[in-house]
1. Kindly evaluate A:Arg103 against the criterion of being open to solvent by 40 Å² or more (accessible area, probe 1.4 Å), touching a residue at least 12 places away in the same chain (Cβ under 8 Å) and part of a helix (DSSP H, G or I).
2. Would you mention how many residues in the stretch B:123-150 are within 12 Å of another protein chain (Cβ to nearest Cβ) and not in a helix (DSSP H, G or I)?
3. Restricting to strands (runs of 3 or more DSSP E) lying wholly in the stretch B:151-262: which have 1 or more residues that are within 14 Å of chain A (Cβ to nearest Cβ)?
4. Pick out the one residue from B:Glu181, B:Glu193, B:Glu236 that is crowded, with 17+ Cβ neighbours inside 10 Å and at positive phi.
5. May I ask you to list pairs of residues, at least six apart or on different chains, whose Cβ atoms are under 6 Å apart, with the first in the stretch B:28-49 being farther than 12 Å from B:Leu234 by Cα and the second being more than 16 Å from ligand 2 (Cβ to nearest atom) and among the charged types (D, E, K, R)?
6. Give the stretch A:5-46 a look and list any residue that's open to solvent by less than 40 Å² (accessible area, probe 1.4 Å), of a type in the set (A, V, I, L, M, F, W, C) and over 27 Å from A:Arg58 (Cα atoms), or say none.
Amino acid sequence: MDTIWNYRWLLLQGLGVTVQVTVLAGLLALALGIATGLARRGPPLIAWPVHIYVEVFRGTSALVQLFVLFFVLPGMGLRLDPMTCGVVGLGLCYGAYCSEVVRGALNNFPRAQREAAVALNLTGTQTLTRVVLPQALLVMLPQLGNLMVELLKASSLVSLITLADLTFQARSIMRLTLHTVEAMSVLLVAYFVLAQLISFGARALEARLGGAWRGRTEER
Amino acid sequence: MSATATDAPAVRFAAACKSFGDTRVLDRFDLDIPRGEKTVIIGPSGSGKSTLLRILMTLEGIESGRVEICGETLTDRFDGVERAPRGRGRLRKIRGHVGMVFQQFNLFPHMSALENVACGPRLSLRRSRVEAEAEAEALLRRVGLGDKLGSYPLQLSGGQQQRVAIARAMALRPEVMLFDEVTSALDPELIGEVLAVMRELASETSLTMLVVTHQMGVARALADRVCFLENGRLVEQGPPEQVLDAPENPRTREFLHALNLA
Ligand SMILES: Nc1ncnc2c1ncn2[C@@H]1O[C@H](COP(=O)(O)OP(=O)(O)O)[C@@H](O)[C@H]1O
Ligand SMILES: [Mg+2]
(Lines give C-alpha, C1' and ligand atoms only; values in the text may rest on other atoms or scores of the structure.)
(Ligands and ions follow the chains in the order given, each with its own letter.)
Protein backbone atom coordinates (compact mmCIF):
# COMPACT_ATOMS: atom_id res chain seq x y z
CA MET A 1 0.00 0.00 0.00
CA ASP A 2 2.90 2.31 0.73
CA THR A 3 3.98 2.11 -2.86
CA ILE A 4 0.66 3.40 -4.04
CA TRP A 5 0.63 6.18 -1.49
CA ASN A 6 4.15 7.25 -2.45
CA TYR A 7 3.26 7.46 -6.10
CA ARG A 8 -0.26 8.83 -5.63
CA TRP A 9 0.36 12.05 -7.56
CA LEU A 10 1.79 10.19 -10.50
CA LEU A 11 -1.19 7.83 -10.51
CA LEU A 12 -3.66 10.72 -10.23
CA GLN A 13 -1.98 12.45 -13.15
CA GLY A 14 -2.29 9.22 -15.09
CA LEU A 15 -5.94 8.94 -14.14
CA GLY A 16 -6.45 12.52 -15.36
CA VAL A 17 -4.98 11.64 -18.74
CA THR A 18 -7.08 8.48 -19.02
CA VAL A 19 -10.25 10.40 -18.22
CA GLN A 20 -9.33 13.17 -20.64
CA VAL A 21 -8.60 10.77 -23.50
CA THR A 22 -11.75 8.75 -22.84
CA VAL A 23 -14.08 11.75 -22.58
CA LEU A 24 -12.72 13.58 -25.61
CA ALA A 25 -12.48 10.46 -27.78
CA GLY A 26 -15.94 9.41 -26.55
CA LEU A 27 -17.49 12.71 -27.56
CA LEU A 28 -15.78 12.55 -30.94
CA ALA A 29 -16.93 8.95 -31.41
CA LEU A 30 -20.55 9.77 -30.53
CA ALA A 31 -20.64 12.79 -32.80
CA LEU A 32 -19.03 10.83 -35.65
CA GLY A 33 -21.25 7.83 -35.00
CA ILE A 34 -24.48 9.80 -35.17
CA ALA A 35 -23.38 11.83 -38.18
CA THR A 36 -22.15 8.83 -40.15
CA GLY A 37 -25.00 6.58 -38.98
CA LEU A 38 -27.43 9.10 -40.43
CA ALA A 39 -25.32 9.62 -43.54
CA ARG A 40 -25.45 5.94 -44.40
CA ARG A 41 -29.15 6.28 -45.04
CA GLY A 42 -28.49 9.18 -47.40
CA PRO A 43 -27.74 9.26 -51.13
CA PRO A 44 -25.10 6.75 -52.35
CA LEU A 45 -22.53 9.46 -52.99
CA ILE A 46 -22.49 10.16 -49.25
CA ALA A 47 -23.37 6.71 -47.97
CA TRP A 48 -20.57 4.88 -49.76
CA PRO A 49 -17.54 6.82 -48.51
CA VAL A 50 -19.03 6.59 -45.02
CA HIS A 51 -19.50 2.86 -45.44
CA ILE A 52 -15.83 2.52 -46.38
CA TYR A 53 -14.79 4.58 -43.34
CA VAL A 54 -16.78 2.29 -41.05
CA GLU A 55 -15.43 -0.91 -42.57
CA VAL A 56 -11.82 0.27 -42.52
CA PHE A 57 -11.88 1.45 -38.93
CA ARG A 58 -13.88 -1.51 -37.67
CA GLY A 59 -11.74 -3.97 -39.58
CA THR A 60 -8.34 -2.84 -38.32
CA SER A 61 -7.11 -2.70 -34.77
CA ALA A 62 -7.17 0.49 -32.74
CA LEU A 63 -3.49 0.00 -31.94
CA VAL A 64 -2.50 -0.01 -35.61
CA GLN A 65 -4.61 3.08 -36.17
CA LEU A 66 -2.84 4.87 -33.33
CA PHE A 67 0.55 3.82 -34.66
CA VAL A 68 -0.28 5.10 -38.11
CA LEU A 69 -1.33 8.46 -36.67
CA PHE A 70 1.72 8.67 -34.42
CA PHE A 71 4.54 7.11 -36.42
CA VAL A 72 3.52 7.15 -40.08
CA LEU A 73 1.77 10.50 -40.51
CA PRO A 74 4.80 12.55 -39.37
CA GLY A 75 6.74 10.98 -42.23
CA MET A 76 4.08 12.40 -44.53
CA GLY A 77 4.47 15.84 -42.99
CA LEU A 78 1.62 15.73 -40.47
CA ARG A 79 2.85 15.77 -36.91
CA LEU A 80 0.22 15.55 -34.15
CA ASP A 81 0.96 15.65 -30.44
CA PRO A 82 0.32 12.36 -28.58
CA MET A 83 -2.91 13.57 -26.96
CA THR A 84 -4.40 14.59 -30.31
CA CYS A 85 -3.30 11.28 -31.81
CA GLY A 86 -4.91 9.35 -28.97
CA VAL A 87 -8.19 11.27 -29.10
CA VAL A 88 -8.48 11.28 -32.89
CA GLY A 89 -7.36 7.66 -33.24
CA LEU A 90 -9.73 6.24 -30.65
CA GLY A 91 -12.49 8.65 -31.70
CA LEU A 92 -12.30 7.49 -35.32
CA CYS A 93 -12.17 3.84 -34.34
CA TYR A 94 -15.06 3.91 -31.86
CA GLY A 95 -16.96 6.34 -34.11
CA ALA A 96 -17.11 3.47 -36.59
CA TYR A 97 -18.59 1.16 -33.96
CA CYS A 98 -21.08 3.83 -32.85
CA SER A 99 -22.01 4.34 -36.48
CA GLU A 100 -23.14 0.73 -36.70
CA VAL A 101 -25.23 1.08 -33.56
CA VAL A 102 -26.91 4.23 -34.90
CA ARG A 103 -27.51 2.65 -38.29
CA GLY A 104 -28.99 -0.45 -36.72
CA ALA A 105 -31.36 1.54 -34.53
CA LEU A 106 -32.48 3.68 -37.49
CA ASN A 107 -32.99 0.64 -39.72
CA ASN A 108 -35.09 -1.07 -37.08
CA PHE A 109 -37.12 2.04 -36.40
CA PRO A 110 -40.81 1.19 -36.95
CA ARG A 111 -41.97 2.20 -40.37
CA ALA A 112 -45.42 2.93 -39.00
CA GLN A 113 -44.01 5.83 -36.99
CA ARG A 114 -42.51 7.41 -40.08
CA GLU A 115 -45.81 6.93 -41.89
CA ALA A 116 -47.64 8.66 -39.08
CA ALA A 117 -45.23 11.56 -39.50
CA VAL A 118 -46.01 11.70 -43.23
CA ALA A 119 -49.72 11.71 -42.43
CA LEU A 120 -49.10 14.69 -40.14
CA ASN A 121 -47.29 16.40 -43.00
CA LEU A 122 -44.01 16.75 -41.12
CA THR A 123 -40.86 17.50 -43.08
CA GLY A 124 -38.03 14.98 -43.24
CA THR A 125 -35.98 16.96 -40.74
CA GLN A 126 -38.89 17.32 -38.34
CA THR A 127 -39.55 13.60 -38.59
CA LEU A 128 -35.93 12.89 -37.75
CA THR A 129 -35.58 15.29 -34.85
CA ARG A 130 -39.05 15.06 -33.31
CA VAL A 131 -40.11 11.50 -34.00
CA VAL A 132 -37.20 9.23 -34.92
CA LEU A 133 -34.27 10.38 -32.79
CA PRO A 134 -36.09 10.77 -29.45
CA GLN A 135 -37.16 7.13 -29.70
CA ALA A 136 -34.12 5.68 -31.47
CA LEU A 137 -31.65 7.30 -29.05
CA LEU A 138 -33.27 5.40 -26.25
CA VAL A 139 -32.70 2.14 -28.11
CA MET A 140 -29.10 3.09 -28.82
CA LEU A 141 -28.19 4.26 -25.34
CA PRO A 142 -27.36 0.91 -23.70
CA GLN A 143 -25.23 -0.13 -26.66
CA LEU A 144 -23.50 3.26 -26.86
CA GLY A 145 -22.85 3.01 -23.12
CA ASN A 146 -21.18 -0.37 -23.65
CA LEU A 147 -19.05 1.10 -26.41
CA MET A 148 -17.93 3.90 -24.11
CA VAL A 149 -16.81 1.29 -21.57
CA GLU A 150 -14.92 -0.49 -24.34
CA LEU A 151 -13.37 2.83 -25.30
CA LEU A 152 -12.27 3.43 -21.70
CA LYS A 153 -10.49 0.10 -21.65
CA ALA A 154 -8.96 0.68 -25.08
CA SER A 155 -7.68 4.06 -23.93
CA SER A 156 -4.78 2.23 -22.25
CA LEU A 157 -3.38 1.80 -25.77
CA VAL A 158 -2.32 5.44 -25.74
CA SER A 159 0.42 4.47 -23.28
CA LEU A 160 2.11 2.92 -26.32
CA ILE A 161 2.28 6.25 -28.10
CA THR A 162 4.06 7.88 -25.12
CA LEU A 163 0.97 9.33 -23.42
CA ALA A 164 1.34 9.09 -19.64
CA ASP A 165 -2.09 7.67 -18.82
CA LEU A 166 -2.97 5.51 -15.84
CA THR A 167 -1.66 2.31 -17.41
CA PHE A 168 1.57 4.04 -18.40
CA GLN A 169 2.14 5.33 -14.85
CA ALA A 170 1.29 2.01 -13.24
CA ARG A 171 3.78 0.26 -15.48
CA SER A 172 6.47 2.79 -14.63
CA ILE A 173 5.83 2.15 -10.95
CA MET A 174 6.07 -1.58 -11.56
CA ARG A 175 9.40 -1.14 -13.26
CA LEU A 176 10.75 1.15 -10.55
CA THR A 177 9.53 -0.71 -7.48
CA LEU A 178 8.82 -4.24 -8.75
CA HIS A 179 5.60 -4.08 -6.70
CA THR A 180 3.54 -5.59 -9.45
CA VAL A 181 0.54 -6.67 -7.40
CA GLU A 182 -0.09 -3.24 -5.93
CA ALA A 183 0.24 -1.47 -9.25
CA MET A 184 -2.01 -3.98 -10.97
CA SER A 185 -4.61 -3.71 -8.22
CA VAL A 186 -4.75 0.03 -8.71
CA LEU A 187 -5.37 -0.45 -12.43
CA LEU A 188 -8.02 -3.06 -11.80
CA VAL A 189 -9.96 -0.96 -9.32
CA ALA A 190 -9.57 2.33 -11.19
CA TYR A 191 -10.80 1.02 -14.54
CA PHE A 192 -13.61 -0.87 -12.85
CA VAL A 193 -14.84 2.22 -11.03
CA LEU A 194 -14.61 4.36 -14.17
CA ALA A 195 -16.52 1.73 -16.16
CA GLN A 196 -19.23 1.67 -13.48
CA LEU A 197 -19.49 5.44 -13.67
CA ILE A 198 -20.04 5.27 -17.42
CA SER A 199 -22.65 2.53 -17.12
CA PHE A 200 -24.42 4.42 -14.37
CA GLY A 201 -24.42 7.60 -16.48
CA ALA A 202 -25.87 5.77 -19.47
CA ARG A 203 -28.61 4.18 -17.36
CA ALA A 204 -29.45 7.48 -15.69
CA LEU A 205 -29.71 9.19 -19.07
CA GLU A 206 -31.90 6.37 -20.37
CA ALA A 207 -34.21 6.65 -17.38
CA ARG A 208 -34.38 10.41 -17.78
CA LEU A 209 -35.13 10.35 -21.50
CA GLY A 210 -37.52 7.43 -21.46
CA GLY A 211 -38.79 7.41 -17.90
CA ALA A 212 -41.79 9.57 -18.51
CA TRP A 213 -43.30 7.48 -21.25
CA ARG A 214 -41.63 4.11 -20.93
CA GLY A 215 -40.48 3.61 -17.35
CA ARG A 216 -43.85 4.13 -15.79
CA THR A 217 -45.55 1.62 -17.99
CA GLU A 218 -42.93 -1.00 -17.23
CA GLU A 219 -43.94 -0.73 -13.60
CA ARG A 220 -47.57 -1.26 -14.48
CA MET B 1 -59.05 23.20 -67.81
CA SER B 2 -57.69 22.26 -64.42
CA ALA B 3 -60.59 22.04 -62.05
CA THR B 4 -60.50 24.55 -59.27
CA ALA B 5 -60.36 23.39 -55.71
CA THR B 6 -64.08 23.68 -55.06
CA ASP B 7 -65.80 21.96 -57.98
CA ALA B 8 -63.32 19.09 -58.27
CA PRO B 9 -64.22 15.87 -56.46
CA ALA B 10 -62.49 15.29 -53.15
CA VAL B 11 -60.89 12.15 -54.52
CA ARG B 12 -60.56 10.84 -58.05
CA PHE B 13 -58.91 7.67 -59.26
CA ALA B 14 -58.71 7.43 -63.03
CA ALA B 15 -57.36 4.21 -64.53
CA ALA B 16 -54.93 3.97 -61.66
CA CYS B 17 -52.66 0.91 -61.65
CA LYS B 18 -50.58 -0.28 -58.76
CA SER B 19 -48.51 -3.44 -58.38
CA PHE B 20 -46.19 -4.88 -55.79
CA GLY B 21 -43.78 -6.98 -57.79
CA ASP B 22 -45.94 -9.42 -59.71
CA THR B 23 -49.04 -8.74 -57.64
CA ARG B 24 -51.33 -6.34 -59.37
CA VAL B 25 -53.23 -4.60 -56.59
CA LEU B 26 -55.15 -1.94 -58.52
CA ASP B 27 -55.96 -2.54 -62.16
CA ARG B 28 -57.14 0.52 -64.09
CA PHE B 29 -59.06 1.59 -61.03
CA ASP B 30 -61.70 4.33 -61.31
CA LEU B 31 -63.47 6.03 -58.43
CA ASP B 32 -64.84 9.52 -57.83
CA ILE B 33 -65.76 10.67 -54.36
CA PRO B 34 -67.64 13.95 -54.12
CA ARG B 35 -66.80 16.39 -51.39
CA GLY B 36 -68.39 15.67 -48.08
CA GLU B 37 -69.35 12.11 -48.96
CA LYS B 38 -68.82 9.36 -46.41
CA THR B 39 -67.63 6.34 -48.35
CA VAL B 40 -67.18 2.96 -46.74
CA ILE B 41 -64.97 0.43 -48.50
CA ILE B 42 -65.45 -3.24 -47.76
CA GLY B 43 -63.86 -6.30 -49.28
CA PRO B 44 -61.85 -9.41 -48.54
CA SER B 45 -58.40 -9.22 -47.01
CA GLY B 46 -55.79 -8.44 -49.65
CA SER B 47 -58.26 -6.82 -52.02
CA GLY B 48 -56.35 -3.53 -52.04
CA LYS B 49 -58.33 -1.45 -49.53
CA SER B 50 -55.32 -0.30 -47.53
CA THR B 51 -53.34 0.34 -50.68
CA LEU B 52 -56.12 2.61 -51.91
CA LEU B 53 -55.91 4.74 -48.77
CA ARG B 54 -52.12 4.65 -48.65
CA ILE B 55 -51.92 6.00 -52.19
CA LEU B 56 -54.09 8.93 -51.13
CA MET B 57 -51.84 9.56 -48.13
CA THR B 58 -48.82 9.52 -50.50
CA LEU B 59 -47.41 6.49 -48.73
CA GLU B 60 -47.47 4.57 -52.02
CA GLY B 61 -47.12 5.68 -55.62
CA ILE B 62 -48.90 4.35 -58.68
CA GLU B 63 -47.44 3.04 -61.92
CA SER B 64 -49.90 4.58 -64.30
CA GLY B 65 -53.17 6.42 -64.40
CA ARG B 66 -54.11 9.37 -62.33
CA VAL B 67 -55.05 10.22 -58.76
CA GLU B 68 -56.43 13.59 -57.76
CA ILE B 69 -57.13 15.00 -54.35
CA CYS B 70 -59.20 18.16 -54.14
CA GLY B 71 -58.33 18.87 -57.77
CA GLU B 72 -54.60 18.42 -57.39
CA THR B 73 -52.89 15.62 -59.23
CA LEU B 74 -51.05 13.36 -56.89
CA THR B 75 -49.16 11.16 -59.24
CA ASP B 76 -49.09 10.90 -62.97
CA ARG B 77 -46.74 8.31 -64.27
CA PHE B 78 -47.44 6.79 -67.61
CA ASP B 79 -46.30 3.69 -69.42
CA GLY B 80 -44.23 2.68 -66.46
CA VAL B 81 -41.89 5.61 -67.03
CA GLU B 82 -41.44 7.52 -63.87
CA ARG B 83 -41.70 11.23 -64.25
CA ALA B 84 -39.46 13.65 -62.44
CA PRO B 85 -40.30 13.53 -58.75
CA ARG B 86 -42.72 16.13 -57.55
CA GLY B 87 -41.32 19.06 -55.67
CA ARG B 88 -41.45 18.58 -51.96
CA GLY B 89 -43.51 21.70 -51.51
CA ARG B 90 -46.20 20.31 -53.77
CA LEU B 91 -46.27 16.96 -52.06
CA ARG B 92 -46.62 18.63 -48.69
CA LYS B 93 -49.40 20.83 -50.02
CA ILE B 94 -51.34 17.76 -51.15
CA ARG B 95 -50.72 16.01 -47.83
CA GLY B 96 -52.21 19.03 -46.15
CA HIS B 97 -55.61 18.11 -47.61
CA VAL B 98 -55.55 14.60 -46.19
CA GLY B 99 -55.50 13.02 -42.75
CA MET B 100 -55.19 9.35 -41.92
CA VAL B 101 -55.98 7.11 -38.95
CA PHE B 102 -54.30 3.71 -38.82
CA GLN B 103 -55.39 0.33 -37.55
CA GLN B 104 -52.57 0.23 -34.97
CA PHE B 105 -53.05 3.90 -33.94
CA ASN B 106 -49.37 4.76 -34.59
CA LEU B 107 -49.31 7.42 -31.90
CA PHE B 108 -45.90 8.80 -30.98
CA PRO B 109 -45.13 6.94 -27.74
CA HIS B 110 -42.78 9.62 -26.41
CA MET B 111 -45.39 12.35 -26.57
CA SER B 112 -48.36 12.84 -24.28
CA ALA B 113 -51.87 12.81 -25.74
CA LEU B 114 -51.80 16.59 -25.84
CA GLU B 115 -48.38 16.69 -27.53
CA ASN B 116 -49.46 14.08 -30.06
CA VAL B 117 -52.42 16.21 -31.10
CA ALA B 118 -50.56 19.53 -30.95
CA CYS B 119 -47.46 18.42 -32.83
CA GLY B 120 -49.01 18.49 -36.31
CA PRO B 121 -50.24 22.09 -36.06
CA ARG B 122 -47.05 23.17 -34.32
CA LEU B 123 -44.64 21.58 -36.76
CA SER B 124 -46.38 21.54 -40.10
CA LEU B 125 -48.66 24.58 -39.73
CA ARG B 126 -46.12 26.48 -37.60
CA ARG B 127 -48.68 27.45 -34.97
CA SER B 128 -47.46 28.75 -31.64
CA ARG B 129 -47.31 26.26 -28.81
CA VAL B 130 -50.04 28.03 -26.85
CA GLU B 131 -52.37 28.15 -29.81
CA ALA B 132 -51.69 24.56 -30.88
CA GLU B 133 -52.14 23.18 -27.38
CA ALA B 134 -55.35 25.11 -26.77
CA GLU B 135 -56.75 23.67 -29.96
CA ALA B 136 -55.46 20.20 -29.12
CA GLU B 137 -57.12 20.37 -25.74
CA ALA B 138 -60.43 21.32 -27.33
CA LEU B 139 -60.14 18.42 -29.76
CA LEU B 140 -59.31 15.94 -27.03
CA ARG B 141 -62.34 17.13 -25.06
CA ARG B 142 -64.42 16.64 -28.16
CA VAL B 143 -63.34 12.98 -28.36
CA GLY B 144 -64.01 12.56 -24.65
CA LEU B 145 -60.41 12.62 -23.42
CA GLY B 146 -60.31 15.96 -21.64
CA ASP B 147 -58.96 14.23 -18.55
CA LYS B 148 -56.15 12.40 -20.37
CA LEU B 149 -54.19 15.33 -21.78
CA GLY B 150 -50.96 14.41 -20.04
CA SER B 151 -51.20 10.65 -20.46
CA TYR B 152 -48.73 8.83 -22.65
CA PRO B 153 -50.06 6.40 -25.27
CA LEU B 154 -48.87 3.34 -23.36
CA GLN B 155 -50.98 4.47 -20.41
CA LEU B 156 -54.16 4.57 -22.50
CA SER B 157 -56.50 1.82 -23.61
CA GLY B 158 -56.74 0.95 -27.30
CA GLY B 159 -59.99 2.85 -27.67
CA GLN B 160 -58.52 5.91 -26.00
CA GLN B 161 -55.40 5.75 -28.15
CA GLN B 162 -57.47 5.54 -31.28
CA ARG B 163 -59.51 8.57 -30.22
CA VAL B 164 -56.27 10.49 -29.66
CA ALA B 165 -55.18 9.40 -33.14
CA ILE B 166 -58.42 10.71 -34.65
CA ALA B 167 -57.99 14.02 -32.81
CA ARG B 168 -54.39 14.18 -34.00
CA ALA B 169 -55.41 13.76 -37.63
CA MET B 170 -58.27 16.27 -37.29
CA ALA B 171 -55.97 18.87 -35.74
CA LEU B 172 -54.61 19.64 -39.19
CA ARG B 173 -58.14 20.34 -40.44
CA PRO B 174 -57.96 18.00 -43.43
CA GLU B 175 -60.64 17.99 -46.10
CA VAL B 176 -60.35 14.25 -46.59
CA MET B 177 -60.05 11.80 -43.69
CA LEU B 178 -58.91 8.22 -44.26
CA PHE B 179 -59.72 5.49 -41.74
CA ASP B 180 -58.02 2.13 -42.27
CA GLU B 181 -59.75 -0.52 -40.14
CA VAL B 182 -59.49 1.77 -37.14
CA THR B 183 -61.65 -0.46 -34.95
CA SER B 184 -60.13 -3.80 -35.97
CA ALA B 185 -57.38 -3.84 -33.35
CA LEU B 186 -59.81 -3.01 -30.53
CA ASP B 187 -61.52 -5.24 -28.02
CA PRO B 188 -65.23 -5.41 -28.92
CA GLU B 189 -66.32 -3.33 -25.93
CA LEU B 190 -64.05 -0.46 -27.04
CA ILE B 191 -65.37 -0.23 -30.60
CA GLY B 192 -68.40 1.80 -29.57
CA GLU B 193 -66.47 4.74 -28.17
CA VAL B 194 -64.39 5.09 -31.35
CA LEU B 195 -67.41 4.65 -33.59
CA ALA B 196 -69.23 7.35 -31.63
CA VAL B 197 -66.38 9.77 -32.37
CA MET B 198 -66.48 8.87 -36.06
CA ARG B 199 -70.24 9.37 -36.20
CA GLU B 200 -69.80 12.75 -34.65
CA LEU B 201 -67.19 13.64 -37.29
CA ALA B 202 -69.52 12.36 -39.99
CA SER B 203 -72.00 15.04 -38.97
CA GLU B 204 -69.57 17.60 -40.40
CA THR B 205 -71.05 17.93 -43.84
CA SER B 206 -67.93 19.31 -45.50
CA LEU B 207 -65.60 16.54 -44.34
CA THR B 208 -64.99 13.77 -46.85
CA MET B 209 -64.49 10.42 -45.17
CA LEU B 210 -63.09 7.20 -46.62
CA VAL B 211 -63.58 4.36 -44.20
CA VAL B 212 -62.22 0.85 -44.65
CA THR B 213 -63.84 -1.64 -42.32
CA HIS B 214 -64.75 -5.26 -41.82
CA GLN B 215 -67.47 -4.36 -39.39
CA MET B 216 -70.85 -3.96 -41.01
CA GLY B 217 -72.09 -2.02 -37.98
CA VAL B 218 -69.47 0.60 -38.69
CA ALA B 219 -70.42 0.63 -42.36
CA ARG B 220 -74.12 1.12 -41.65
CA ALA B 221 -73.46 3.83 -39.09
CA LEU B 222 -71.37 6.00 -41.38
CA ALA B 223 -71.87 5.26 -45.05
CA ASP B 224 -73.52 7.41 -47.68
CA ARG B 225 -72.11 4.89 -50.11
CA VAL B 226 -70.60 1.44 -49.76
CA CYS B 227 -68.00 0.16 -52.21
CA PHE B 228 -67.24 -3.54 -52.41
CA LEU B 229 -63.68 -4.13 -53.55
CA GLU B 230 -62.25 -7.43 -54.71
CA ASN B 231 -58.86 -8.08 -56.30
CA GLY B 232 -58.39 -4.36 -56.81
CA ARG B 233 -61.66 -3.96 -58.69
CA LEU B 234 -64.78 -2.16 -57.70
CA VAL B 235 -67.30 -4.98 -57.89
CA GLU B 236 -70.34 -3.19 -56.55
CA GLN B 237 -71.22 0.17 -55.08
CA GLY B 238 -74.29 1.98 -53.87
CA PRO B 239 -76.15 3.15 -50.78
CA PRO B 240 -75.65 0.89 -47.74
CA GLU B 241 -79.24 -0.43 -47.82
CA GLN B 242 -78.63 -1.70 -51.30
CA VAL B 243 -75.10 -3.08 -51.11
CA LEU B 244 -75.34 -4.52 -47.61
CA ASP B 245 -78.96 -5.72 -47.59
CA ALA B 246 -79.71 -6.49 -51.22
CA PRO B 247 -76.42 -6.93 -53.05
CA GLU B 248 -76.76 -7.56 -56.77
CA ASN B 249 -73.38 -9.06 -57.42
CA PRO B 250 -72.91 -12.73 -56.40
CA ARG B 251 -69.37 -11.96 -55.19
CA THR B 252 -70.68 -9.31 -52.80
CA ARG B 253 -73.34 -11.72 -51.57
CA GLU B 254 -70.75 -14.40 -50.97
CA PHE B 255 -68.49 -12.00 -49.06
CA LEU B 256 -71.30 -10.71 -46.85
CA HIS B 257 -72.51 -14.24 -46.25
CA ALA B 258 -69.04 -15.34 -45.12
CA LEU B 259 -68.83 -12.32 -42.82
CA ASN B 260 -72.14 -13.17 -41.20
CA LEU B 261 -71.00 -16.70 -40.52
CA ALA B 262 -67.76 -15.53 -38.95
N1 LIG C 1 -45.54 -3.30 -49.23
C2 LIG C 1 -46.04 -4.36 -49.89
N3 LIG C 1 -45.23 -5.19 -50.54
C4 LIG C 1 -45.70 -6.26 -51.22
N5 LIG C 1 -46.99 -6.56 -51.33
C6 LIG C 1 -47.87 -5.77 -50.70
C7 LIG C 1 -47.45 -4.63 -49.95
N8 LIG C 1 -48.53 -4.03 -49.44
C9 LIG C 1 -49.58 -4.76 -49.86
N10 LIG C 1 -49.20 -5.79 -50.61
C11 LIG C 1 -50.09 -6.78 -51.27
O12 LIG C 1 -51.07 -6.07 -51.97
C13 LIG C 1 -52.33 -6.68 -51.85
C14 LIG C 1 -53.33 -5.69 -51.28
O15 LIG C 1 -52.96 -5.34 -49.99
P16 LIG C 1 -53.82 -4.38 -49.08
O17 LIG C 1 -54.08 -3.11 -49.81
O18 LIG C 1 -53.12 -4.25 -47.77
O19 LIG C 1 -55.17 -5.19 -48.90
P20 LIG C 1 -56.35 -5.02 -47.84
O21 LIG C 1 -56.09 -3.78 -47.05
O22 LIG C 1 -57.57 -4.96 -48.65
O23 LIG C 1 -56.31 -6.25 -46.99
C24 LIG C 1 -52.12 -7.89 -50.98
O25 LIG C 1 -52.00 -9.01 -51.83
C26 LIG C 1 -50.84 -7.62 -50.26
O27 LIG C 1 -50.17 -8.81 -49.99
MG1 LIG D 1 -55.73 -3.56 -44.97
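The values are calculated or read from the model by the stated rules, or taken from the named source; none is laboratory data. Because the structure is a prediction, the values reported are computed rather than measured. Here the Cβ is made from the backbone with ideal geometry for all residues, glycine too, and neighbour counts use every protein chain on show. All accessible areas refer to the heavy atoms of the entire protein, side chains included, with ligands and DNA or RNA removed. Shrake-Rupley method; radii C 1.70, N 1.55, O 1.52, S 1.80 Å.
1. yes
2. 3
3. The qualifying strands (runs of 3 or more DSSP E) are B:176-180, B:208-212.
4. B:Glu181
5. B:Glu37/B:Asp224; B:Lys38/B:Asp224; B:Thr39/B:Arg225
6. Passing the criteria: only A:Leu11.
Table: residues versus (1) under 12 Å from the mean Cα position of the chain (by Cα); (2) within 14 Å of chain B (Cβ to nearest Cβ); (3) over 16 Å from A:Leu30 (Cα atoms); (4) open to solvent by 60 Å² or more (accessible area, probe 1.4 Å).
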{"site": "A:Pro49", "(1), (2), (3), (4)": "no, no, yes, yes"}
{"site": "A:Glu55", "(1), (2), (3), (4)": "no, no, yes, yes"}
{"site": "A:Val72", "(1), (2), (3), (4)": "no, no, yes, yes"}
{"site": "A:Pro110", "(1), (2), (3), (4)": "no, yes, yes, yes"}
{"site": "A:Asn121", "(1), (2), (3), (4)": "no, yes, yes, no"}
{"site": "A:Gln126", "(1), (2), (3), (4)": "no, yes, yes, no"}
{"site": "A:Leu133", "(1), (2), (3), (4)": "no, yes, no, no"}
{"site": "A:Leu152", "(1), (2), (3), (4)": "yes, no, no, no"}
{"site": "A:Ser159", "(1), (2), (3), (4)": "no, no, yes, no"}
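Quick grid of which residues meet (1) closer than 17 Å to A:Val131 by Cβ; (2) at pLDDT 95 or above; (3) open to solvent by less than 70 Å² (accessible area, probe 1.4 Å); (4) touching a Lys or Arg at 6+ places or on another chain (Cβ under 9 Å):
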position: B:Gly89; (1), (2), (3), (4): no, no, yes, no
position: B:Asn116; (1), (2), (3), (4): yes, yes, yes, yes
position: B:Gly120; (1), (2), (3), (4): yes, yes, yes, yes
position: B:Ser128; (1), (2), (3), (4): no, yes, yes, yes
position: B:Leu139; (1), (2), (3), (4): no, yes, yes, yes
